[in-house]
Amino acid sequence: MRENRRSVGNSGAARLRRNRILYSSRWGLLFLVLLTVPQFSACEKRLEPAKLPIEKTGEIPDQESWNTRVVFSDSGIVRAVLQAAHIRRFDARRETLLDSGIVVDFYTTGGAHSSRLTGDRGRVDDATNNLEAFDNVVFVSDSGVVVRTDYLFWNNAERKIRSDRFVTVTSPREKIQGYGFEADQSLRNYVIYRVSGEAEVRREE
C-alpha cells in the first residue's frame, strides 16, 4: 500500500509539473505576442512618409533667381555691380546668399571702373549691403594689382576690402604673402599685417 501511494503521489506531482510547464508556456507565448505587437507598431510608425510643414521654414528662400545682376548704388551713384549664377534671398535673416560663381565690378565716386572681384560664392548683408566672398577669391584692380585669398570682405560705406586669411598680393613691382589684409577698393593703398615668406620687389630700371 505504501508503494502504491508513492506511485500515485509521483504521478500527481508529474501532472502538476506538466500543468505548470503548460501554463508557463502559454504565459510565455502570450508575453512574446504582446512584446512583438508594439515593435511592429513602432516599425510601421517609422516607415510613414515625413510630412512637410505648410508654413515656410528659415531655410526656404523668400526669393530665388538665376543669372542675376544686382546694382549697389548710393544717391544715384553706382558703387558696385554684382553678377551671380544663383541667388537666394532670406528676408527674416536679411541676407542674400550667392553661389555657382560671382563677379563684382567696383566703381569710383566719379563713375569710373576701378576693380573686379571673382569668387565661388558669397553673402550680402541686406541691411548694410556689405559683401563677403568665399573660396578662390581673386580681386584685380585696373592698375594691375592682384589679390588672391579664400575670403574677402567689402565694406560698402567705407569702400574698403579686408581679409583675416592668408593672402597673396602681386603688383607690377612686388609679390607679398601674409595673413591679414586691408585696402581701398582701388588697391592703390594696402596693408598686410603679418608678412609670411619672402617679399619679391622688382625695381624699375
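May I ask you to verify whether Ile161 is at pLDDT 95 or above, assigned by TED's automatic domain parsing to the domain that holds Gly101 and surrounded by 15 or more Cβ atoms within 10 Å (Cβ to Cβ)? Yes; evaluated as a whole, the condition is true for this residue. Candidates in region 164-184 are the residues that are closer than 23 Å to His113 by Cα and touching a Gly at 6+ places or on another chain (Cβ under 7 Å); of these, the one that is modelled with the highest pLDDT is Ser171.
In region 85-110, of all residues being hydroxyl-bearing (Ser, Thr, Tyr) and within 15 Å of the chain's Cα centre (by Cα), the one that is nearest to Val70 (Cα to Cα) corresponds to Thr96. Just one of the numbered conditions (1) more than 20 Å from Val137 (Cα to Cα); (2) surrounded by 10 or more Cβ atoms within 10 Å (Cβ to Cβ); (3) modelled with pLDDT of 90 or more; (4) not β-branched (Val, Ile, Thr) is not true of Lys56: (3).
The values are calculated or read from the model by the stated rules, or taken from the named source; none is laboratory data. Everything quoted here is computed from the prediction, not taken from an experiment. Neighbour counts are summed over all protein chains in view; Cβ atoms, including those assigned to glycine, are modelled from backbone coordinates with ideal geometry.
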